[in-house]
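My questions will all concern the structure given below.
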Amino acid sequence: MALRGSQISAEEALKRLVDGNRHFAADARASEALLNRARRAELARTQEPFATVLGCSDSRVPAEIVFDQGLGDLFVIRVAGNIVAPSQIGSVEFTPLVVVLGHSQCGAILATLEELRRPSENQSRNLQSIVDRVRPAIESLLDTDVARDEEALVRRAVRANIRASVDHLRHGSQILEQMIQEDRLRVVGAEYSLETGVVDFFL
Ligand SMILES: [Zn+2]
């Protein structure tokens, strides 16, 4: 697989995603025009994605669709709860921009909150491994006033989990830290709203 990082700047990459999401949220996607035989042929030997998206596996948040991008545009990693695993850290060095994309009502967050409040013994091991990774970012919220308002708690937990993944990537390796310092890589956090289709880049 020939994979070259795109030469555009992080700012330009971010603008493309913001514009693409605006099209998507307005039901005016344009990328379909590029999903054809000619584009496949162009991409058969090489690719130059301009952004990496670390998103949730949730079926309602497919990165290419919500950002209205075509083949070859995005390098996408999807895992329940958009958590960072060591194996992903090396995969985010290829593009000028990395987006951690969480979303409202994330099942991984809801499951972790549930587990923190009512620990169960017969949790599946897969679910347990997700809960274990999400837990450190949101555990302390349960000791604050926000815990009394369920909706607010979930919203805050979703954002805290995105923030934790962003921090993790920003400091995941010396190479990444150096690339960020030299302005060759930018890591941002964003939340997708299941209700409106809008992505809020908040970090
Ligand atoms: Zn999710």
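Quick test of your reading of the structure: K15 fulfils all but one of (1) within 23 Å of R184 (Cβ to Cβ); (2) modelled with pLDDT of 95 or more; (3) away from the ligand (no atom under 16 Å from the Cβ); (4) surrounded by 16 or more Cβ atoms within 10 Å (Cβ to Cβ). Name the failing condition by number.
Exception for K15: condition (4).
Here's another thing I want to ask about it. Given the residues R39, R45, which is the only one that is part of a helix (DSSP H, G or I) and open to solvent by 40 Å² or more (accessible area, probe 1.4 Å)?
Working: R45 fails: part of a helix (DSSP H, G or I).
Among R39, R45, only R39 is part of a helix (DSSP H, G or I) and open to solvent by 40 Å² or more (accessible area, probe 1.4 Å).
Next question. Within segment 85-102, work out how many residues are outside any helix (DSSP H, G or I), more than 18 Å from E182 (Cα to Cα) and either touching an Asp or Glu at 6+ places or on another chain (Cβ under 7 Å) or open to solvent by 10 Å² or more (accessible area, probe 1.4 Å) (or both).
Count: 2.
Let's see how each residue does on (1) over 30 Å from F75 (Cβ atoms); (2) open to solvent by 90 Å² or more (accessible area, probe 1.4 Å); (3) of a type in the set (A, V, I, L, M, F, W, C); (4) without any contact (Cβ under 8 Å) to a residue 24 or more places away in the chain:
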{"site": "C106", "(1), (2), (3), (4)": "no, no, yes, no"}
{"site": "L113", "(1), (2), (3), (4)": "yes, no, yes, no"}
{"site": "P136", "(1), (2), (3), (4)": "no, yes, no, no"}
{"site": "R170", "(1), (2), (3), (4)": "no, no, no, yes"}
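Out of segment 104-117, which residues are part of a helix (DSSP H, G or I) and within 10 Å of the ligand (Cβ to nearest atom)?
Within segment 104-117, the first condition is being part of a helix (DSSP H, G or I), and the residues that meet it are 107-117.
Correct list: G107, A108, I109, L110, A111.
Can you find even one residue in segment 80-103 that is over 15 Å from the mean Cα position of the chain (by Cα), within 16 Å of the ligand (Cβ to nearest atom), farther than 25 Å from A28 by Cα and touching a residue at least 24 places away in the same chain (Cβ under 8 Å)?
No.
Where residues in segment 61-72 are touching a residue at least 40 places away in the same chain (Cβ under 8 Å) and away from the ligand (no atom under 16 Å from the Cβ), which of them is nearest to V134 (Cα to Cα)?
From segment 61-72, those touching a residue at least 40 places away in the same chain (Cβ under 8 Å) are 61, 65-69; that's our starting set.
Okay, now just the ones that are also away from the ligand (no atom under 16 Å from the Cβ), so 67-69.
Numbers: F67: 25, D68: 28, Q69: 29 Å.
It comes out as F67.
Please go through (1) touching a helix residue (DSSP H, G or I) at 6+ places or on another chain (Cβ under 9 Å); (2) open to solvent by 60 Å² or more (accessible area, probe 1.4 Å) for N122 and return the number of the only condition it doesn't satisfy.
Checking N122 against (1) touching a helix residue (DSSP H, G or I) at 6+ places or on another chain (Cβ under 9 Å); (2) open to solvent by 60 Å² or more (accessible area, probe 1.4 Å), the one that fails is (1).
The values are calculated or read from the model by the stated rules, or taken from the named source; none is laboratory data. Just so it is clear, the structure is predicted and the values come from calculations on it, not from any experiment. Quick reminder, even Gly has a Cβ in these numbers, built from the backbone with ideal geometry, and neighbours come from all protein chains shown. For the accessible areas, the whole protein counts, side chains as well, though only heavy atoms, and no ligand, DNA or RNA atoms are used. Shrake-Rupley method; radii C 1.70, N 1.55, O 1.52, S 1.80 Å.
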